[in-house]
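See structure below.
The values are calculated or read from the model by the stated rules, or taken from the named source; none is laboratory data. Worth saying up front: this structure is predicted, and the values here are computed from it rather than measured. Reconstructed Cβ throughout: ideal geometry from the backbone, glycine too, with neighbour counts over all protein chains shown. These area figures cover heavy atoms from the full protein model, side chains too; ligands, DNA and RNA do not enter into them. Shrake-Rupley method; radii C 1.70, N 1.55, O 1.52, S 1.80 Å.
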Amino acid sequence: MADIIDGKSAAAQVVEGVKKSAAALGAHGIKPGLAVVIVGEDPASQVYVANKSRTAKECGFHSVQHTLAAETSEAELVALVEKLNADPDIHGILVQLPLPAHIDAGKIIQTIAPDKDVDGFHFINVGKLATGELDTALVPCTPAGSMLLIEKRHGKDLSGLSAVVVGRSNIVGKPMASLLLAANATVTIAHSRTKDLPALCRTADILVGAVGRPEMIKGDWVKPGATVIDVGINRVPAPDKGEGKSRLVGDVEFASAERNAGAITPVPGGVGPMTIAMLMANTLVSAYRHAGLEYRGL
Ligand code: GUN
């Protein structure tokens, strides 16, 4: 049976470190500032954003939330982002996705100042990650958090290990592959057009599921002893819990994968908690950089 990787406790450790370093920055008269912007009333987004703002306060940050009506125009949102770009008390800006269809999300992301882009989605940060400029990049939170969990198991140098990332999104799959490559793993990105996906997955010492398809990756796709990182968070019906009830599952079929893996992240309680923790870490890193200081905490 696999070791279960406890993302909750790893995230709590990160948040503890962030709190301490934020307090240290306080001695220089600086408080890390995070602005979270949400447009519209998507209930899932409301929950995510509330968690982000709450954790920021817990870390001792200056935490600002802008909740805008669903009818907000693109120009109004651009104007808000530009105001936050110019605000010296704000070191991190996160615009919650998805945005309403009438707003071009790509344009909004590219409006965020790259040095405040704590999501790491701006082309500048994407390019820095891809070229290995990690000292000045801001790295997307979910892949960064997944990487910390991998480091706990394998250390920082993944030389000789093969990694398969299932999923090629800009938010997870591609940055995850860049981070694994930067750590010297031999990396393959798989996706819906990949031939014989089960066989490819069986070659992976590190298998990352980031496709957004409930329990698609089966236990017999997992190489014995492999480390399995499940990034998926999918809500599926759970009639066994009662009518209309649901449960969260990952992209990996946990019960069968657990039998083959050496270590595996559960859903919930694996990668999920790491995402918010890394958002705090990114905001802290940005505040240090804005102060002309170097943060070497994580
Ligand atoms: N919506 C779901 N995940 C994310 C994320 O990581 N960042 C932003 N901005 N929106 C999201």
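My understanding is that a pair violates if its Cα-Cα distance is over 28 Å; which of K52/K195; K152/K223; K116/K218 do that in this structure?
Over 28 Å Cα-Cα: K52/K195; K116/K218.
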Which of the aspartates and glutamates could be linked to K245 by a straight reach, that is with a Cα gap under 19 Å, when you skip same-chain ones fewer than 8 residues away? E215
Taking N as its residue count, the alpha carbon Rg of the range 101-196 over 2.2 N^0.38 Å: 1.15
For E82, what accessible surface area do you get with a 1.4 Å probe? Give it in Å², rounded to 10. 100 Å²
For the chain, with the dipole built from +1 on Lys and Arg beta-carbon atoms and -1 on Asp and Glu ones, taken about the Cα centre, which of A2, N85, Y295 lies farthest toward the positive end? A2
Quote to one decimal, in nm, the extra length available between I4 and Q65 on full extension: 0.36 nm per residue of separation minus the C-alpha distance between them. 18.5 nm
Computed accessible area, D196, all protein chains, 1.4 angstrom probe, square angstrom: 90 Å²
Could you work out the local net charge near V139, counting Lys and Arg as +1, Asp and Glu as -1, over the other residues with Cβ closer than 13 Å to its Cβ? -2
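In debye, nearest 20, what is the charge dipole magnitude of the range 146-288 about its Cα centre with +1 on Lys and Arg Cβ and -1 on Asp and Glu Cβ, if you could check?
Working: 16 positive and 12 negative charges, 40 e Å.
It comes to approximately 200 debye.
So what's Rg/Rh here for the range 146-283, counting alpha carbon atoms and using the Kirkwood radius for Rh?
0.97
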Be a star and scan the range 2-31 for residues whose amide nitrogen sits under 13 Å from the point 7 Å along the Cα-to-Cβ vector of A291. 18-31
Along the dipole axis of the range 50-129 (charges at Cβ: +1 for Lys and Arg, -1 for Asp and Glu; origin at the Cα centre), the most positive-end residue among I108, L68, L94 is L94
For the pair K107 and S159, how long in nm is the line joining their label points, each one 7 Å along Cα→Cβ? 4.9 nm
Taking F123, F61, F254 and ranking on accessible area (1.4 Å, protein atoms only), highest first, one gets F123, F254, F61
Going by Cα centres, the range 138-161 and the range 44-59 are how many Å apart? 24 Å
Taking amide hydrogens as modeled 1.01 Å from N in the peptide plane, which residues meet the under 5 Å criterion relative to A185, leaving out close sequence neighbours? L158
Hey, got the dipole for the range 81-125? About the Cα centre, +1 on K and R Cβ, -1 on D and E Cβ, debye to the nearest 20? 120 debye
Taking the Cα centre of the chain as the origin, how large is its charge dipole in debye, to the nearest 20, when only Lys and Arg (+1) and Asp and Glu (-1) carry charge on their Cβ atoms? 520 debye
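Of the heavy-atom accessible surface of the chain (probe 1.4 angstrom), what whole percent is carbon and sulfur? Could the numbers behind the result be given before it?
Numbers: 7460 of 13740 Å².
Its accessible area is 54 percent carbon and sulfur atoms.
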Please report, in whole Å³, the volume per residue of the convex hull around the C-alpha atoms of the chain. 134 Å³
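Would you kindly state how much longer the chain becomes between D240 and K20 on full extension, computed as 0.36 nm times their sequence separation minus their alpha carbon distance, in nm to one decimal? Write out the running numbers ahead of the final one.
On the way: separation 220, 0.36 × 220 = 79.20 nm, distance 4.41 nm.
Extra length from D240 to K20 when fully extended: 74.8 nm.
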Per-residue ³J(HN,Hα) for the range 237-246, Karplus 6.51 cos²θ - 1.76 cosθ + 1.60, θ = phi - 60°, Hz, x for Gly and Pro: x, 9, x, 5, 8, x, 5, x, 7, 9
Over the range 230-298, what is the relative contact order in percent, taking alpha-carbon pairs closer than 8 angstrom and at least six residues apart? 26 percent
Going by amide H atoms built from the backbone, whose H comes under 5 Å of the H on G33, apart from near neighbours? H62, H91, G92
Could you give the Stokes-Einstein D for the range 1-151 in µm² per second, using the C-alpha Kirkwood radius, 20 °C, 1.002 mPa s? 128 µm²/s
Karplus (6.51, -1.76, 1.60) ³J(HN,Hα), θ = phi - 60°, over the range 29-38, in Hz, Gly and Pro reported as x: x, 10, 10, x, x, 10, 10, 10, 10, 10
Aspartates and glutamates near K83 by alpha-carbon distance under 20 Å, same-chain residues fewer than 8 away left out - which ones? E71, E74, D104, D115, D117, D119
Which far-off residues, 5 or more places away or on another chain, put their amide H under 5 Å from the one on I217, with H placed in the peptide plane? V252, E253
Phi angles of the range 186-200, converted by Karplus (6.51 cos²θ - 1.76 cosθ + 1.60, θ = phi - 60°) into ³J(HN,Hα) in whole Hz with x for Gly and Pro, give 9, 10, 10, 9, 10, 7, 4, 9, 6, 7, 6, 4, x, 5, 5
